[in-house]
Amino acid sequence: MPPSLLPDNTKLGLGALLINGLDVAEAASRFGTPLQVYDEAHLRARCREFVAAFPGGAAYATKAFLCRAMARLAYEEGMTLDVASGGEMTVALAAGVPSGSLILHGNNKSDDELADALRLRVRRIVVDSRDEMNRIRILVQRRGLPAPEVLIRVNPAVNVMTHPAVSTGQADSKFGFSIRSGEAAAAADDMIADPEFRFRGVHVHVGSQLASLDAIAAGASIAAGFARCVGAEELVIGGGLGVAQTRADRVPSVKAWSAAVNATVRATGFEGTISAEPGRSVVATAGITLYRVGTIKNVPSGRCYISIDGGLSDNPRPALYGTAYEAFLVRCPDPGADPVIADIVGKNCESGDTLASGVRLPRDVAVGDLLCMPVTGAYVHSMSSNYNKLGRAAVIFAAEGRARMVVRRESMRDLLATDVFDDATMPPSPGLLRSASPFATQPNN
Ligand SMILES: *Cc1c(COP(=O)(O)O)cnc(C)c1O
């Protein structure tokens, strides 16, 4: 496995995989599988790298991976935090991150989310629509909440080479105000003129998992030109820097990214601060997922299915975006000269539940083997679900040979925690609800 696909502090070989000194096979026995393991030193180093590359500021986009330990770590290393919902805001605050270090995003922020953000005086609100402007006005005027410092999310109308689901800067995107149509300029003018807003600048984010700097630079350049026109003090160029998922992938470095952004933005004459909001590129490669092989099946077509104890419920990215992953056996990372070529599938009840196809594993791969999938630190745990009522995986941070559990595995009790099954609490009006459910009516009959 190329070192570039593994956490910084990985030792691989001789039957063991050590991450930051932690023997992951031991960790898997102790904490169970599926298990996500992050190299804490790698996370910290990556945060510091972004802080150094963007003197104007670097915000960690929490949606890539969020728990209190992660929020705290990014804050300790000098980053501010992007949150895109009341839930993400709650986790960050619960980690002791001050509200003044939070930036609130979202294309449909609720009254409650906005009111909390205003009351707590978050660092910035990134305004995305006229409806949101109206909601903020009403909250400031009628509830006497403090006027927020705002950025305007603009749509630069650029098409980027990535999966359509994570392209956000094309002309018909749901995000932001169109520069081309003049809506962005009109909205910025209104916010500059209205006392309910303290206008600070412009925000653009063209997409995620981008392998070429051209797209990010194109979006940044258009937004910078706009920022200059409206007299903005600051420009946020979003995230989007891609990561290598497989040995075939090539991506730019953090340095190359910041250099390209700086050069294109300054070329427009914009003189304010430039900041960035990386998510994936902070956490993706720092994390691996461990699975236990449970079933090996050779079907008549010749295909070999290796079933592991997770699936699209803990990592929906292959099913959603066709993401390709590498995988290897912890006890024998080298597949050897005569490998088995297998599809790694999960235990979810769908044929789309394939985590990796055409993976080469040693011929003697066996039930009980521990399988490692690298580069699963971003948009994996945060996108996981309880599909098929599987509990979400546990997450540990590895530091100096020790494991620190930061998210515990979901239990059967957790799976029932929000399930309401008590006649006394059933809503009275839709009587249909009762009779439609054989389980609800049975006890009364
Ligand atoms: C998702 C997102 C990011 C982070 O994107 P990555 O590709 O993970 O770096 C940054 N800013 C905004 C507004 C986002 O929605």
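Key figures for this structure:
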read-out: Any chance PHE397 is at negative phi, aromatic (Phe, Trp, Tyr) and not in a loop (DSSP other than H, G, I, E, B); value: yes
read-out: Any hit, region 23-33, residues being more than 30 Å from GLY176 (Cα to Cα), surrounded by fewer than 18 Cβ atoms within 10 Å (Cβ to Cβ) and hydrophobic (A, V, I, L, M, F, W, C); value: yes
read-out: Only one of GLY358, GLY368, GLY377 that is assigned to a loop (DSSP other than H, G, I, E, B), of a type outside the set (Ser, Thr, Tyr) and away from the ligand (no atom under 16 Å from the Cβ); value: GLY368
read-out: Where a residue in region 205-230 is at negative phi and its partner, wherever it lies, is away from the ligand (no atom under 12 Å from the Cβ) and basic (Lys, Arg), with Cβ under 6 Å and at least six apart; value: none
read-out: Residue that is nearest to the ligand (Cβ to nearest atom), among those in region 56-76 that are over 16 Å from GLY87 (Cα atoms) and part of a loop (DSSP other than H, G, I, E, B); value: GLY57
read-out: Single residue of region 161-172 satisfying the filter (farther than 17 Å from ARG317 by Cα and within 11 Å of the ligand (Cβ to nearest atom)) that is surrounded by the fewest Cβ atoms within 10 Å (Cβ to Cβ); value: THR168
read-out: Cβ pairs under 6 Å, 6+ apart, first in region 122-136 and away from the ligand (no atom under 16 Å from the Cβ), second at pLDDT below 95 and part of a loop (DSSP other than H, G, I, E, B); value: none
read-out: Single match in ILE103, ILE138, ILE125 (criterion: part of a strand (DSSP E or B) and more than 18 Å from the chain's Cα centre (by Cα)); value: ILE125
read-out: GLY182 being away from the ligand (no atom under 16 Å from the Cβ) and not basic (Lys, Arg); value: yes
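The values are calculated or read from the model by the stated rules, or taken from the named source; none is laboratory data. For clarity, every value in this text was computed on a predicted model and none was experimentally measured. Cβ: placed from backbone, ideal geometry, glycine included. Neighbour counts: every protein chain shown.
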